[in-house]
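Novice: Got a structure for you, written out below as C-alpha cells; questions coming shortly.
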Amino acid sequence: PRLVAEVAFGEWTRDHRIRHSVFQGLRSDKPARQVTREVTSTIAGAPAKAAVATKETAMKKQSARKTDGLRITNAERVIDSESGVTKGELVAYYLDASKLLLPHLKGRPVSLVRAPEGIGGELFFQKHAKGSDMPGITLLDPSLDRDHDPLLQIDRIEGLASAAQMNVVELHTWNATSSAIDRPDRMTFDLDPGDGVDWAHMQEAALLMRTLLDELGLGSFLKTSGGKGLHVLVPIRRHYGWDDVKSFSQAVVQHMAQTIPDRFVAKSGPRNRVGKIFVDYLRNGFGATTVSAWSVRARPGLGVSVPVAWDELPTLRSGAHWTIRDAPERFGIGNAPWAGWERARKGLASPMKVIGFVPAAG
C-alpha cells in the first residue's frame, strides 16, 4: 500500500472489517509500513465498560469529517442524549444501510423529518422544497402535487448522505411511485397502541390483522415501526385511485373494530384508544407517508424500522426491538423477510366484494 488514510469507525466485525467507517482524510505524515492494527487492552482494575466505550467514542473526535466526498459538519454533536449517538454516527449508519434502504426509497416521493437541534429539540417535517442543493436528492415534477413546491425523491447513496448532513433523522415514503402517483401500489396498516396496551396484545393484533387479510386473499408483510407499534404492509396492483384504496382500508379496519371491539378502534385520537389499538388506515390517502424500512426514528434511543418475517413476531420485544446501535447486526438478513413481495401483489376487486365494499370507480 502507498496511501495512508485516517478513518473513524464504530467497531471491528468478526471477519476483521470495520463497521460505520467515516473517512477523515489522507495521512502524509505516516508511512504505510508503520501502520498496525491497534489492540484494545484492559487496565487491571478498570471497569469492563471501558473497552465498550472505546468503540462508541471512535466517531466523536472531530467536528467536521468527509463521508463519500460530502463534508459532514458537527459530526461529534450528540443528537440523542439517551443513546449518546452523534450526527457522524447517524450519517455512517445511513451509508452502511444504503443497500437495504434504497430499494424502499427508489422511485417514491420521500418526506423528511429533520432535527437540527437533536431529537430533543424542535422537529421539522418536510415534503416539498423550492430548490435543493443537496446532492442525490431529486426535485420531482411540480404537477405531481399541484399547488405545492416539488416533492422530493432519494434514489442514490449521495442523497442519504446529504439528508443526514442536513440533520434528517427519519425518511418516510408514499404508497405510490412517482411514475404512477395517482395509483397506489401498496396499503399500510399502522398498529398504534393506546395507553395501557401491553406488548402481547400488540403481537396478537398483528396476527389478527394478518388473518383477516389472508381471508380477503391479500398477502401481508410485517415490520417494526421503530417506535411503539407495528406496521403491516400489503402489496396491491395499481387498479384503483387513492380515494378507493383509502376507503377500502378504512372498511377493513372498521370490520376489525366491530368484530373485536375490546381490542381495536377505528377512530384516531388518544381518548378513543385507551387500552385499545388504533389501526391507522389514514396512511393510505394521497400525500400520506409512512416511515421507511431501515429508517431511524426521531425518538429517544433512536429505534429503527426493520422488516421481519411473521414467524419472528413472537421474538420481538417491542416496536423498537432494534436501534441504531444494533440494527447493523440485522443487515445480514436484510430484506429477506419480504422476498415474496412482488409474488404477493394482488388486485383489490375480489377483496372488496368479500368485505362488501363498493368502490366509487365502480
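Read-outs throughout are calculated quantities, based only on the coordinates presented, and are distinct from any laboratory measurement. Everything quoted here is computed from the prediction, not taken from an experiment. Quick reminder, even Gly has a Cβ in these numbers, built from the backbone with ideal geometry, and neighbours come from all protein chains shown.
Novice: Using +1 at the C-beta of Lys and Arg and -1 at the C-beta of Asp and Glu, which of GLY356, PRO328, TRP341 has the Cα lying farthest in the positive direction of the dipole of segment 312-362?
Specialist: Result: GLY356.
Novice: For segment 171-224, just say rounded, prolate or oblate: build the C-alpha gyration tensor, square-root its eigenvalues into a ≥ b ≥ c, call rounded for a/c under 1.5, and beyond that prolate if a/b exceeds b/c, oblate if not.
Specialist: Here segment 171-224 falls in the oblate category.
Novice: Separate question: What is the packing order of peptides 248-261, 337-350, taking the mean over residues of other C-beta atoms within 10 Å and listing the highest first?
Specialist: My ranking of the peptides, most packed first, is 248-261, 337-350.
Novice: Oh, and also: Checking the a/c ratio against 1.5 first, then a/b against b/c, what shape does the Cα gyration tensor give for segment 226-303?
Specialist: Note, shape of segment 226-303 comes out oblate.
Novice: I would also like to ask the following. Could the peptides 108-119, 89-100 be put in order, highest first, of the mean number of other beta-carbon atoms found within 10 Å of their residues?
Specialist: Highest mean packing first, the order is 89-100, 108-119.
Novice: Beta carbons within 10 angstrom, averaged per residue: use that to sort the peptides 163-172, 208-217, 141-150, highest first.
Specialist: Packing order, densest peptide first, comes out as 163-172, 208-217, 141-150.
Novice: Using 0.36 nm times the number of residues separating VAL354 and VAL78, minus their current alpha carbon distance, what extension gain do you get?
Specialist: Length gained, VAL354 through VAL78: 94.2 nm.
Novice: What number comes out for the charge environment of PHE278, summing +1 per Lys or Arg and -1 per Asp or Glu over other residues with Cβ under 13 Å away?
Specialist: In short, +3.
Novice: How far is it, in nm, from the label point at ASP214 to the one at LYS106 when both lie 7 Å from their Cα along the line to the Cβ?
Specialist: Between ASP214 and LYS106, the label points sit 3.2 nm apart.
Novice: Rounded to whole Å, give me the distance from the Cα center of segment 98-127 to that of segment 200-221.
Specialist: 28 Å
Novice: Counting Lys and Arg as +1 and Asp and Glu as -1, what is the net charge of the other residues whose Cβ lies under 10 Å from the Cβ of ARG263?
Specialist: -1
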